[in-house]
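Some notes on the structure that comes next.
The values are calculated or read from the model by the stated rules, or taken from the named source; none is laboratory data. Computed from a predicted structure; not experimentally measured. Because the Cβ atoms are built from the backbone with ideal geometry, glycine has one as well, and the counts that use them run over all protein chains shown. The protein model used for the area step is the full one, side chains on, heavy atoms only, and it has no ligands, DNA or RNA in it. Shrake-Rupley method; radii C 1.70, N 1.55, O 1.52, S 1.80 Å.
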Amino acid sequence: MRRLLLFLVGVMMGSCVGAQTAPQAFREWKAGTRVSLKAVQEYGLERCFGSSEIPESVYRRMRGKSFKEGTAVKLADLRYVRVLHYDGGGHILLGELVCHRLIATDLVEIFRTLFDARYPIERMVLIDDFNADDELSMRANNTSAFCYRAVAGSGKLSAHARGMAVDINPLYNPYYKDRKDGTREVRPSTAARYCDRRKPFPYKLTRGDLCHRLFLQHGFQWGGSWRSCKDFQHFEK
């Protein structure tokens with residue numbers, strides 16, 4: 001009887017601890033934090049996927065970095081997207097993106113389906129955590145969307161500057177362009193080995209896989225199908 005009572009007390013205490021700590025972790029929503037499936041279930045899976053106008057706390061992180069002075073895109077046209085994702089080790093992480101309001105619903109639906117399928121995404125935090133440095137973010141294999149910047153090597157604004165593009169697992173799905181002089185431009189610069197798409201490696205995004213199919217079903221174009229260059233990480237609308 002004593003053992004039974006201790007067991008029941010332990011279960012009750014465990015339940016109370018879970019109920020207290022899980023909401024706090026989700027309420028703060030520190031992207032990159034690992035959470036347990038039990039914590040997700042206690043908090044509510046549906047509450048973990050959604051979009052909102054840019055909170056003040058998020059704007060403070062963006063200001064002067066991804067959202068620079070003179071940015072042509074209005075802050076009111078951007079949305080903060082919160083999702084869950086699995087990494088390659090099977091861990092559940094809190095994820096976040098900033099995108100244009102026109103694709104926010106698309107991204108919530110896409111990432112929910114990817115989560116249900118345990119499609120691996122290593123990291124998904126704001127590019128501002130890398131001081132809005134695209135190269136550093138890509139080297140860290142960080143999935144991101146909005147960043148007010150030009151296309152590398154040109155003065156033309158990137159689709160990311162409008163919040164209308166997403167880069168998925170960019171280290172393992174790099175951009176590359178073969179120049180006329182026989183040299184190759186690769187971004188991130190540390191990803192040359194992943195330009196050979198015949199080889200197997202983690203986080204590889206391929207034509208016809210779930211991620212590719214979902215983005216195309218939602219009306220996005222894939223950079224991996226471009227002719228003048230290849231941008232395997234990139235989906236834009």
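Annotations
- Residue in region 53-69 that is at pLDDT below 95 and over 23 Å from residue 142 (Cα atoms) present: yes
- Sole exception among (1) open to solvent by less than 80 Å² (accessible area, probe 1.4 Å); (2) modelled with pLDDT under 95 for residue 30, by number: (1)
- No other residue among 198, 193, 149, 213 is modelled with pLDDT of 95 or more and surrounded by 12 or more Cβ atoms within 10 Å (Cβ to Cβ) apart from 213.
- Subset tally (residues that are part of a loop (DSSP other than H, G, I, E, B), closer than 28 Å to residue 118 by Cα and open to solvent by less than 40 Å² (accessible area, probe 1.4 Å)) for region 155-190: 10
- Taken as a whole, the condition of being surrounded by 14 or more Cβ atoms within 10 Å (Cβ to Cβ), touching a residue at least 40 places away in the same chain (Cβ under 8 Å) and more than 20 Å from residue 215 (Cβ to Cβ) applies to residue 128.
- Members of region 34-74 that are surrounded by 14 or more Cβ atoms within 10 Å (Cβ to Cβ), more than 24 Å from residue 103 (Cα to Cα) and under 18 Å from the mean Cα position of the chain (by Cα): 35
- Taking region 112-149 as the range and being in a helix (DSSP H, G or I), over 12 Å from residue 93 (Cβ atoms) and not acidic (Asp, Glu) as the test, the residues that pass are 112, 113, 114, 127, 130, 136, 137, 138, 139.
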